[in-house]
Amino acid sequence: MVDSGGVVVDVESLSKTFGTLKAVDGVTFQIREGEIFGFLGPNGAGKTTTINMLTTLLRASGGKAVINGYDIRKQPNEVRRSVGVVPQEYTADEDITGLQNILLCADLYGLPRNDSRPHAMELLELVELQEAANRKVGTYSGGMRRRLELASGLINYPKLLFLDEPTLGLDVQTRSAVWRYIRMLKEEYRMTLFLTTHYLEEADSLCDRIAIIDHGHIIKIGTPDELKATVGGDIIAVGVAEAEPDISADIAKIPLVKDVKKNGNEYRIKSEVGEESSIQIIDLVRSKGLHVTKISLTKPSLDEAYLELTGRSIREEESNKMDAFKQRITMMRARR
Amino acid sequence: MAQQERAREKAFRAAPNLNKSPLHGLWALTNRDLIKWYKNPIQLIISLVQPIVWLGLFGKAFNIAALFTSQPGVTQAEIAAVDLGTFGTTSYFSYLAAGMLAFIILFTAAFAGMSVVWDRRFGFMNKAMSTPVGRGAIVTGKVLQSVVRSLIQAAIVLAIAVALGMDTANFSVFAIAGTFVMLFLMTFGLSSLFVMLALRSSDWQTQMAIINLLNLPLLFTSNAMLPVKIMPAWLQTVVRFNPVSYAVDGVRQMLLGSGSAAAAAAGYSVLAPLWVDFAVLAAFAAVLSVLGIILSWRLLSK
Ligand SMILES: Nc1ncnc2c1ncn2[C@@H]1O[C@H](COP(=O)(O)OP(=O)(O)OP(=O)(O)O)[C@@H](O)[C@H]1O
Ligand SMILES: [Mg+2]
């Protein structure tokens, strides 16, 4: 069933056009068995549209995708049976209880009746909703509803789970609970997860690999560390007692150092591996007879990487300055 | 937390075999809507108000039959003869009661599409469509819940009409069973029609407009309320193309004996022989439900 080489999701040039809008414009990526793969992008980037195509809710306009070895166009029912989906919006029926909702899902998947009730109760316990199981969903809080959606998405014993913005609008406590469930699904049940988010810290702390998506394009795929590395490296700030002589040229010769800027008594140095370079920098400064007053090492955050990556793509693709400005505002919003 | 640990151990055993029949989940979907319906009896009560008011107002208070016979010096027997010739029964109330069965079916079936719109709005439709449940089962479930609801409501209207004095001289097990088969065919066809019209819609205002656009014309271009005899010729032609007319005609023949030789002798003519009524309704139901399922494969998507 599972593809060779442990690739459970294989997407090639997938696209979706709504009228004239290219909501998803030829995305290509692969997800390996057992990893948490994240789509990170601002509102309207095409995250939900991609998930909808992969879970067969929407017909793709172009490209192909193979999920768990099944083609999304030719074998939609096999795809549906083999994956779990936790959509962005709430889908539970408010007029019936949480348990009834999950049992309904079990019936829709065709789970045997004698299995579905105990399994539904186990899943409700897993997301700590067992006490509310027999309450109407209309009385649930937002966090409870989100957890109910998660439990419903697991009813068919999926090996691959799609989560669309699983922590959107949740308070800090519920968000960390959802993170805990997600890690548990990966680590204890060896599930593969595909999640979308526009929270940077969420992508950073949960995902093994991230694809940054904007305007329907994947800008870059990599581990969080790889993405951060695109910022150009760690930033080392070195303060010296003496403003003269300028030793920038000597510092630039140190291996791994990529860029040096001097500002009064302070040097700002970009290095591929900050820990190694900083020691060599201190040695160099001292060998020149200068005195180090302070030193700091900053690892680039995903925030910076994201801005750098999406910002660059805008400058390359769009000559219109006003457009670029608008994009930047959108990105700032997304960064919040 | 300890409980959660236990749940973890059990929750991810090997998956059991799934039922892959194309109709799996059909009962679950139908039942969901029915549970929501009977848990909220207000909806049922409100939908019964209108046919009962009609029965009371036009069937009892107005005595429409008198319009045709209110000349001086007309005997009781003559009045009965005119009624029989016009309505196929001597009781206009009974005539109207049969029409009201069609009325309640029509108005319940019309809202079958509305429930599709709500499900789309509240996200449930997306959930259902991300599962392997058949698209045909989703549509058929919507049709079936409407069929069950409208037949139960029709039974209540019939019981109330009898309590208010509907003529039961012609009632028999066959007549009542036949009536419900006829009503079943009618609601199956109409529910399929309205569900079909809602397949792509997520907007309840549009849906309301569609209901109003179809419902009243379907009702008033039929023989449900008034005898075909008194209609202008063009309208009489339209009545013949309206499936509701055949259902009402069939129900009157079975429940009121309007197809009897006596009624015919008095000048009443049925719309069609009883078997033709059944054939028309069966064809109507078959065509629309098959069309609904075929369209659901093509149109039912996000
Ligand atoms: N059914 C549709 N018809 C027309 N346009 C659509 C439709 N669905 C989505 N779009 C458009 O496609 C683009 C991508 O939408 P999508 O929902 O995939 O974004 P997203 O990345 O999930 O955003 P968000 O973070 O807000 O959920 C948007 O510009 C949206 O307006
Ligand atoms: Mg989205």
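The values are calculated or read from the model by the stated rules, or taken from the named source; none is laboratory data. Remember, predicted model here, so these are calculated numbers, not experimental data. All Cβ positions, glycine included, derive from the backbone under ideal geometry; neighbour counts span all protein chains shown.
Assorted remarks:
- Subset of region A:121-141 that is free of Cβ contacts under 8 Å to residues at least 24 places away in the same chain and closer than 16 Å to residue A:106 by Cβ - its residue that is farthest from the other protein chains (Cβ to nearest Cβ): A:121
- The listed residue being within 14 Å of chain A (Cβ to nearest Cβ) and in contact with a Gly (Cβ under 8 Å, 6 or more places away or on another chain), out of B:133, B:143: B:133
- Leading residue by the ranking (farthest from the other protein chains (Cβ to nearest Cβ)) among those in region A:42-67 that are within 16 Å of ligand 2 (Cβ to nearest atom) and assigned to a loop (DSSP other than H, G, I, E, B): A:42
- Unique match (being of a type in the set (A, V, I, L, M, F, W, C), at pLDDT below 95, within 16 Å of ligand 2 (Cβ to nearest atom) and surrounded by fewer than 17 Cβ atoms within 10 Å (Cβ to Cβ)) among A:39, A:18: A:18
- Cβ-Cβ contacts under 6 Å between residues 6 or more apart (or on different chains), taken from a first residue in region A:163-180 that is among the hydrophobic types (A, V, I, L, M, F, W, C) to a second residue that is away from ligand 1 (no atom under 16 Å from the Cβ), are listed as A:170/A:143.
- Complete set of residues in region A:76-100 that are within 16 Å of ligand 1 (Cβ to nearest atom) and not β-branched (Val, Ile, Thr): A:87, A:88, A:89, A:90
- Qualifying residue in region A:68-80 (condition: assigned to a strand (DSSP E or B), in contact (Cβ under 8 Å) with a residue 24 or more places away in the chain and more than 16 Å from ligand 2 (Cβ to nearest atom)): no
- Residue tally, condition modelled with pLDDT of 70 or more, more than 7 Å from chain A (Cβ to nearest Cβ) and in a helix (DSSP H, G or I), over region B:1-29: 3
- Of all residues in region A:142-163, those that are in contact with a Phe, Trp or Tyr (Cβ under 6 Å, 6 or more places away or on another chain) and more than 12 Å from chain B (Cβ to nearest Cβ) total 0.
- Candidate set: region A:142-167, residues that are within 19 Å of residue A:31 (Cβ to Cβ) and touching a Ser or Thr at 6+ places or on another chain (Cβ under 7 Å); chosen: the one farthest from ligand 1 (Cβ to nearest atom): A:159
- Restricted to region B:212-302, the set of helices (runs of 4 or more DSSP H) holding at least 3 residues that are surrounded by fewer than 18 Cβ atoms within 10 Å (Cβ to Cβ) comprises B:233-240, B:261-265, B:274-299.
- Scanning region A:87-119 for residues that are more than 9 Å from every other protein chain (Cβ to nearest Cβ), surrounded by 24 or more Cβ atoms within 10 Å (Cβ to Cβ) and hydrophobic (A, V, I, L, M, F, W, C) yields a single hit, A:102.
- The lone exception for residue A:75 - which of (1) surrounded by 22 or more Cβ atoms within 10 Å (Cβ to Cβ); (2) within 11 Å of chain B (Cβ to nearest Cβ) it fails: (1)
- Within region A:8-41, tally of residues that are within 16 Å of the chain's Cα centre (by Cα) and more than 7 Å from ligand 1 (Cβ to nearest atom): 14
- Helices (runs of 4 or more DSSP H) wholly inside region A:259-336 containing at least 2 residues that are surrounded by 14 or more Cβ atoms within 10 Å (Cβ to Cβ) and at pLDDT below 80: A:302-317, A:321-335
- Test: residue B:115 is surrounded by 17 or more Cβ atoms within 10 Å (Cβ to Cβ), in contact (Cβ under 8 Å) with a residue 24 or more places away in the chain, away from chain A (no Cβ under 14 Å) and closer than 30 Å to residue A:137 by Cβ: no
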